[in-house]
Amino acid sequence: MTDSMAKVIAIANHKGGVAKTATTHNLGAALASLGKRVLMVDLDAQGNLSQNTGFEETDQSLATALEGGELPVFNIRENLDIVPSDLELDYADEHLRNAGVTGYRKLGQVLESQKDNYDFVLLDCPPSVKGMIVSNALIASDSVLVPVVPEKGAIKGLAGIFRLMEDCVQLNDKLTIEGIVFTRVKGNTALHNFYTEQIKEEYGEVKIFNTSIRESISVSEAGTMDMDIFQHSPKSNGAEDHLALAKEILKNTSDN
């Protein structure tokens, strides 16, 4: 990453319920608190990230830009902005599909004008690999951060996103795996270690972050109150973990 060009990270997993949105929101807030300029992009038509940051309804959303309009960027707090989303994104998905090969690059094109304004762009992906939106996200990204809950079925959820990555490399040969981060981790370290080793066996050299995001009611509460974890509960485990993840990502970025 240069001083003038954002690193674009897609937060993605084929499996739902792995805290993609919470990870995007709180990682973005953590990076912002460390002085980095961050743009979060809500790529889910359900608009959970948008709602969790106070955008219940808006006349301007990501769909506007994907269909040829301006990219709507709203400030949340210092160093932290968002491009919100809503149900119109489902129609934009169809629009992209009808555009052929150029439809796969549309998100990257609309983000290009903003990349000089940020250090990081975080893409909150929907829990699916079938639509055009996730493909657009991976083709627009430098790397993919994969949240995983250490439980039965974790590896099955990873398979879909890694297969899609292999397909998208044809249109984005710089795409790499940022790493796997375990989320919603309960106190059972033996179970956590079991799934960590299972994933290492299955995926070999894929990086697994040293930081794990512990299960925390404060994280859930923050989202429902239109806050990030640092605004809601700055001394909680959730705040500590997301800050540690941000620092680990910064170190990895500076090392590469």
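Miscellaneous remarks
- Within this structure, Ala159 passes the test of being modelled with pLDDT under 90 and hydrophobic (A, V, I, L, M, F, W, C).
- Residue in the range 206-229 that is in contact (Cβ under 8 Å) with a residue 12 or more places away in the chain and in contact with a Leu (Cβ under 6 Å, 6 or more places away or on another chain) present: yes
- Ile161 meets the stated requirement of being assigned to a helix (DSSP H, G or I), among the aliphatic types (A, V, I, L, M), crowded, with 19+ Cβ neighbours inside 10 Å and out of contact with any Asp or Glu (no Cβ under 6 Å at 6 or more places or on another chain).
- Residue count, the range 46-101 (criterion: in contact with a Ser or Thr (Cβ under 6 Å, 6 or more places away or on another chain), farther than 18 Å from Ala22 by Cβ and modelled with pLDDT of 95 or more): 0
- Taking the criterion of being more than 10 Å from the chain's Cα centre (by Cα) and either within 23 Å of Ile161 (Cα to Cα) or at pLDDT below 95 (or both), the residues of the range 20-43 that qualify are Asn26, Leu39.
This table checks each residue for (1) more than 23 Å from Val8 (Cβ to Cβ); (2) among the charged types (D, E, K, R).
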{"position": "Met165", "(1), (2)": "no, no"}
{"position": "Asn172", "(1), (2)": "no, no"}
{"position": "Glu178", "(1), (2)": "no, yes"}
{"position": "Phe194", "(1), (2)": "yes, no"}
{"position": "Lys200", "(1), (2)": "yes, yes"}
{"position": "Thr224", "(1), (2)": "yes, no"}
{"position": "Ala239", "(1), (2)": "yes, no"}
{"position": "Leu243", "(1), (2)": "no, no"}
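- The helices (runs of 4 or more DSSP H) found wholly in the range 18-136 and carrying at least 3 residues that are closer than 17 Å to Ile249 by Cβ, touching a residue at least 12 places away in the same chain (Cβ under 8 Å) and not small (Gly, Ala, Ser) occupy 20-33.
- Within the range 107-124, the residues that satisfy the criterion of being modelled with pLDDT under 95 and either of a type in the set (D, E, K, R) or in contact with an Asp or Glu (Cβ under 8 Å, 6 or more places away or on another chain) (or both) are Glu112, Lys115, Asp116.
- In the range 182-204, the residues that are of a type in the set (S, T, N, Q) reach residues that are modelled with pLDDT of 85 or more with C-beta atoms within less than 6 angstrom, at least six apart or across chains, in these pairs: Thr183/Val18; Thr183/Ala19; Thr183/Pro147; Thr183/Val149; Thr183/Ile213.
- Criterion violated by Tyr195 - all others in (1) buried (at least 18 other Cβ atoms within 10 Å of the Cβ); (2) within 17 Å of the chain's Cα centre (by Cα) satisfied: (2)
- Which listed residue is acidic (Asp, Glu), modelled with pLDDT of 90 or more and more than 27 Å from Thr53 (Cβ to Cβ), from Asp173, Asp255: Asp173
- Checked against (1) touching a Gly at 6+ places or on another chain (Cβ under 9 Å); (2) polar (S, T, N, Q); (3) farther than 21 Å from Leu34 by Cβ, Gln198 passes all but condition (1).
- Condition met for Leu43 (buried (at least 20 other Cβ atoms within 10 Å of the Cβ), touching a Cys at 6+ places or on another chain (Cβ under 6 Å) and under 19 Å from Ser128 (Cα atoms)): yes
- Any hit, the range 132-150, residues being within 13 Å of Asn13 (Cβ to Cβ) and of a type in the set (S, T, N, Q): no
- Matching residues, the range 172-231, being of a type in the set (A, V, I, L, M) and outside any helix (DSSP H, G or I): Leu175, Ile177, Ile180, Val181, Val185, Val206, Ile208, Ile213, Met225, Met227
- Residues located in the range 100-119, provided they are more than 19 Å from Met5 (Cα to Cα) and surrounded by 14 or more Cβ atoms within 10 Å (Cβ to Cβ): Gly103, Tyr104
The values are calculated or read from the model by the stated rules, or taken from the named source; none is laboratory data. Remember, predicted model here, so these are calculated numbers, not experimental data. Cβ sites come from the backbone with ideal geometry, for glycine too, and all protein chains shown count toward neighbours.
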